[in-house]
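Asker: Quick one: the structure is below, and I'll ask about it shortly.
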Amino acid sequence: MADSYTHGHHPSVLRAHEWRTVENSAAYVVSELHPGSAVLDVGAGPGTITVDIARRVAPGPVLGIDASADVVARATEFAASEGVANVSFAVEDAYALDYPDAAFDIVHAHQVLQHLARPVDALREFRRVAGGGIVAARDVDYEGVLWYPLIPALAEWHDVYLRVHRLVAGDPAAGRKLKAWAREAGFAEVASSASLWLFESDEERAWWGESWAERALESSFAEHAVGLGVTDRTGLERISSGWHEWAAAPDGWFLMPHGEIVARG
Ligand SMILES: C[S@@+](CC[C@H](N)C(=O)[O-])C[C@H]1O[C@@H](n2cnc3c(N)ncnc32)[C@H](O)[C@@H]1O
């Protein structure tokens, strides 16, 4: 069985994920994306990064897999609407991939290992299907996020988020641990780097802040937070108001540090 996924696929979550491209989420691996490469994108979600990868490696085959059938259907529609033919999507579990050893040149996973209870086991499985190729992964470090203004409800959000994430599955501080996990999984070479997302313009604050204002009340995160007894409906309403306040603050600034690895061997 796949682990539970903290955020789920509520429209407020998908709006946040559909902004993602190779440029803003996988720049560290661009130099490895060559025409003709066979790529597996694990935990592809709505598939915007996957489709971007497919354009870059065409005519190489790109496969996006995800544990959620709903999001696989959405990604398939997105690829068709973009007219990208060398990409397909399937429901699969990251821990037990249905492909032979060395089936891919590149195995890519963006914001996935943080949600897995056994990230090292998953990396071992990625290593198996990558064979002599590479495994590329990037995860945020939610313990290291920074923001301004110091709205009390955002400090409450941070505390609730970290606890919910740990209780549901995985590790919100994955970013800083990717290198250690890859070494434990047995890779001979692990190149490690880091990059940031900064949300601060009026448009970025409206998109990110309003997405979280809605997620706090309506997504799987909200259900888990109450169901696990981490907070109650009143707490979620405070958090949602805090995100509205942040989105409306002209000085608003939110920084997310990410760890990245390119592992081989
Ligand atoms: C944060 S989303 C990232 C989506 C996409 N990579 C992106 O960055 O836009 C994590 C995705 O991993 C998927 N996922 C979680 N556990 C999984 C597992 N064991 N096997 C496959 N996919 C999984 C979730 O369903 C979700 O779509």
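Asker: Examine segment 66-79 for a residue that is without any contact (Cβ under 8 Å) to a residue 40 or more places away in the chain, of a type outside the set (Lys, Arg) and away from the ligand (no atom under 14 Å from the Cβ), and state whether such a residue exists.
Answerer: yes
Asker: Out of Ala103, Ala44, report the one residue that is of a type outside the set (Val, Ile, Thr), part of a loop (DSSP other than H, G, I, E, B) and away from the ligand (no atom under 14 Å from the Cβ).
Answerer: On the way: Ala44 fails: away from the ligand (no atom under 14 Å from the Cβ).
The match here is Ala103.
Asker: Could you tell me whether Trp208 is in contact (Cβ under 8 Å) with a residue 60 or more places away in the chain and either over 22 Å from the mean Cα position of the chain (by Cα) or in a helix (DSSP H, G or I) (or both)? Don't jump to the end; show me each part of the working.
Answerer: Working: in contact (Cβ under 8 Å) with a residue 60 or more places away in the chain: yes; either over 22 Å from the mean Cα position of the chain (by Cα) or in a helix (DSSP H, G or I) (or both): yes.
Yes; evaluated as a whole, the condition is true for this residue.
Asker: Shifting gears a bit: Consider Gly60 carefully, then state whether it is at pLDDT below 95 and away from the ligand (no atom under 14 Å from the Cβ).
Answerer: Working: at pLDDT below 95: no; away from the ligand (no atom under 14 Å from the Cβ): yes.
So Gly60 does not fit the description; no.
Asker: Across segment 44-65, what is the number of residues that are over 22 Å from Tyr5 (Cβ atoms), open to solvent by 10 Å² or more (accessible area, probe 1.4 Å) and touching a His at 6+ places or on another chain (Cβ under 7 Å)?
Answerer: 0
Each row is one residue, and each column tells you yes or no for (1) within 21 Å of Phe254 (Cβ to Cβ); (2) in a helix (DSSP H, G or I); (3) at pLDDT below 95.
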{"site": "Leu167", "(1), (2), (3)": "no, yes, no"}
{"site": "Pro172", "(1), (2), (3)": "yes, no, no"}
{"site": "Phe187", "(1), (2), (3)": "no, no, no"}
{"site": "Val190", "(1), (2), (3)": "no, no, no"}
{"site": "Leu198", "(1), (2), (3)": "yes, no, no"}
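Asker: Right, Ala117: out of contact with any Ser or Thr (no Cβ under 8 Å at 6 or more places or on another chain) and either surrounded by fewer than 22 Cβ atoms within 10 Å (Cβ to Cβ) or modelled with pLDDT of 95 or more (or both) or not? Outline the logic, then answer.
Answerer: Numbers: out of contact with any Ser or Thr (no Cβ under 8 Å at 6 or more places or on another chain): yes; either surrounded by fewer than 22 Cβ atoms within 10 Å (Cβ to Cβ) or modelled with pLDDT of 95 or more (or both): yes.
Yes, satisfied.
Asker: Considering only residues that are away from the ligand (no atom under 11 Å from the Cβ) and modelled with pLDDT under 95, which ones fall in segment 1-33?
Answerer: His10, Pro11, Ser12, Arg15
Asker: Can you tell me which residues in segment 117-151 are in a loop (DSSP other than H, G, I, E, B) and within 16 Å of Lys179 (Cα to Cα)? So that I can check it myself, show each step before the final result.
Answerer: Residues of segment 117-151 that are in a loop (DSSP other than H, G, I, E, B), as a first pass: 117-118, 131-133, 141, 145, 149-151.
Hits for segment 117-151 are Arg118, Asp141.
Asker: Same structure, new question: So which residues in segment 136-161 are crowded, with 16+ Cβ neighbours inside 10 Å and of a type in the set (A, V, I, L, M, F, W, C), if there are any at all?
Answerer: Once the filter is applied, which keeps residues that are crowded, with 16+ Cβ neighbours inside 10 Å and of a type in the set (A, V, I, L, M, F, W, C), segment 136-161 yields Ala136, Ala137, Val140, Val145, Trp147, Ile151, Ala153, Leu154, Trp157, Val160.
The values are calculated or read from the model by the stated rules, or taken from the named source; none is laboratory data. No experiment lies behind these values; they were computed from the predicted model shown. Positions of Cβ are backbone-derived with ideal geometry, glycine not excepted, and every protein chain shown enters the neighbour counts. We work out accessible area using only protein heavy atoms, side chains counted, and drop any ligands, DNA or RNA first. Shrake-Rupley method; radii C 1.70, N 1.55, O 1.52, S 1.80 Å.
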